[in-house]
Amino acid sequence: MVRMRPLARGSKKWTEYPPDVLPAWVAEMDFPLAPPVREALHRAIDRGDLGYIGNVDGLVEAMYHFYDRRLGWDLEGQYVALLADVMVGFKELLAVHTQPGDGVIINPPAYPPYFKDIPHAGRRVVEVPLRPDFGVDVDGLDRAFAAGARALLLCSPHNPSGRVYSRDELAAVAAVAEAHGALVIVDEIHAPLTFGAEFIPWQHVVEGGTVLTSASKAFNLPGLKLGFVVGEAASALDEDLVYHAGHLGVIAAEAAFTDGDEWLDETITTIAANQRALPALLPEGVRLAHAADASYLTWLECDFDDPASVFLERGRVALNHGTEFGAAYGRYARLNVGTRPELVREAVRRMAQALD
């Protein structure tokens with residue numbers, strides 16, 4: 001008999017909930033695959049092409065053109081490392097560029113894996129919470145670096161709030177890190193899903209700066225396992241890390257970067273409309289903590305404790321628990337609006353029903 005470790009709270013896939021539960025917390029979007037991606041994957045399966053990663057020149061060229069076209073980010077001459085996903089890239093960067101026991105700053109509310117992967121890499125989590133407007137607390141960074149922290153993992157655009165940082169905000173972060181000789185690693189995985197503000201790539205502020213990215217969020221491909229580390233720091237990573245990535249991830253990402261713009265434009269239009277409609281739909285006692293300018297995730301502030309449990313138990317709708325993003329967020333929850341508008345309305349209706 002094989003015994004598996006129990007899954008942590010909140011780690012279910014949406015298909016694993018009872019039929020009466022609407023899963024509005026999941027980390028992926030609820031849209032059909034982009035046709036070019038689906039067709040490329042079908043062709044690979046039909047020809048039995050499920051081996052190891054081979055030549056990736058086509059993928060890298062498609063990636064260069066995609067980021068230049070969509071974000072104005074010119075990757076010409078940059079080091080690009082391929083690996084299994086962005087969090088693997090993050091831990092590999094820590095292994096090469098920091099020492100065991102070094103402090104690594106994150107900015108709660110923060111993507112939950114940050115809290116676990118930093119200790120897993122043998123480093124210490126140093127929390128510098130965001131300001132009430134979800135801007136970066138640069139003075140807090142200064143104090144943390146002065147106290148010995150050696151690196152910062154910045155999520156831009158921010159998950160879970162959808163905050164997009166201005167050039168001046170990013171420049172202030174770069175300046176304080178440079179003053180302390182610290183490494184900044186910027187997770188830009190949600191950048192292609194920006195709709196409400198101008199996204200500023202980190203490398204437009206710091207030449208050769210270290211960036212984590214992937215096609216996984218924009219094109220709903222996280223299970224195919226492919227991420228990128230871009231920048232000078234990537235040059236020190238082991239070249240064999242590419243063989244831990246997924247071959248189907250390469251095929252899907254190349255198709256997405258080459259021919260996925262129409263699907264992505266339609267997806268962003270739907271997400272942006274859902275985000276704009278949400279404030280008027282929310283029940284009394286629930287409000288946006290910040291109006292998102294990027295991504296399909298929304299950070300909700302509530303007037304009562306553990307709202308995710310309340311919504312699940314009384315309304316049969318599943319959101320992320322706020323405390324997954326930091327201990328101070330017991331009255332918050334994360335909602336996914338990356339779905340059809342009618343399902344967003346149904347999720348909010350159930351939330352309201354839970355509070356009646």
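The values are calculated or read from the model by the stated rules, or taken from the named source; none is laboratory data. From a predicted model like this one, the values you see are computed outputs, not experimental measurements. With ideal geometry, Cβ positions are generated from the backbone for all residues, glycine too; neighbour counts draw on all protein chains shown. What goes into the accessible areas is simple: the full protein's heavy atoms, side chains included, and nothing from ligands, DNA or RNA. Shrake-Rupley method; radii C 1.70, N 1.55, O 1.52, S 1.80 Å.
A straight chain from Arg314 to Val138 at 0.36 nm per residue would run longer than the Cα-Cα distance by 59.3 nm. Can you spot the aspartates and glutamates whose alpha carbon is less than 14 Å from Lys225's alpha carbon? Ignore those fewer than 8 places along the same chain. Once the sequence-local aspartates and glutamates are set aside, what remains near Lys225 is Glu28, Asp85, Glu254.
When only the Cβ of Lys, Arg, Asp and Glu is charged (+1, +1, -1, -1), the dipole of segment 198-264 relative to its Cα centre reaches about 280 debye. The portion of the accessible surface of the chain made up by carbon and sulfur, rounded to a whole percent, is 51 (1.4 Å probe; DNA, RNA and ligands excluded).
Distance between the pseudo-spin-label points of Glu28 and Arg43 (7 Å out from Cα toward the beta carbon): 2.2 nm. Our Cα-only numbers for segment 204-268 put the radius of gyration and Dmax at 13.4, 38 Å. Entry note, the chain: relative contact order of 24 percent, from Cα contacts under 8 Å with a spacing of 6+ residues. Under the rule of -39500 (n - 2.57) per DSSP H run of 4 or more residues, summed and divided by the residues of the chain, what mean residue ellipticity at 222 nm is obtained, to the nearest 500 deg cm²/dmol? Result for the chain: -11500 deg cm²/dmol, rounded to the nearest 500.
Using a 10 angstrom Cβ neighbour count of at most 15 plus a DSSP loop assignment to flag exposed GluC sites (Glu not before Pro), which longest range of the chain is free of such sites?
Longest site-free region, per DSSP loop and neighbour criteria: 77-197.
Taking a straight line from the alpha carbon of Lys91, these aspartates and glutamates sit under 18 Å away, with near neighbours fewer than eight places off in the same chain left out: Asp102, Asp117, Glu127, Asp187, Glu188, Glu232, Asp238, Glu239, Asp240. With the charge dipole of the chain set up from +1 on Lys and Arg Cβ and -1 on Asp and Glu Cβ about the Cα centre, the Cα lying farthest toward the positive end among the listed residues Gly140, Gly223, Gly246 is that of Gly223. For Val96 and Ala179, what is the calculated FRET efficiency with R₀ set at 35 Å and r taken between the beta-carbons, to the nearest 0.05? Computed FRET efficiency for Val96 and Ala179: 0.95. With protein chains left intact and a 1.4 Å probe, residues in segment 91-168 average 39 Å² of accessible area per residue. Sequence-distant contacts, meaning Cα pairs under 8 Å at least 6 residues apart, place the relative contact order of segment 152-231 at 29 percent.
Of the residues Thr298, Leu212, Met63, the one whose Cα sits farthest towards the positive end of the charge dipole of the chain is Thr298 (charges of +1 on Lys and Arg Cβ, -1 on Asp and Glu Cβ, taken about the Cα centre).
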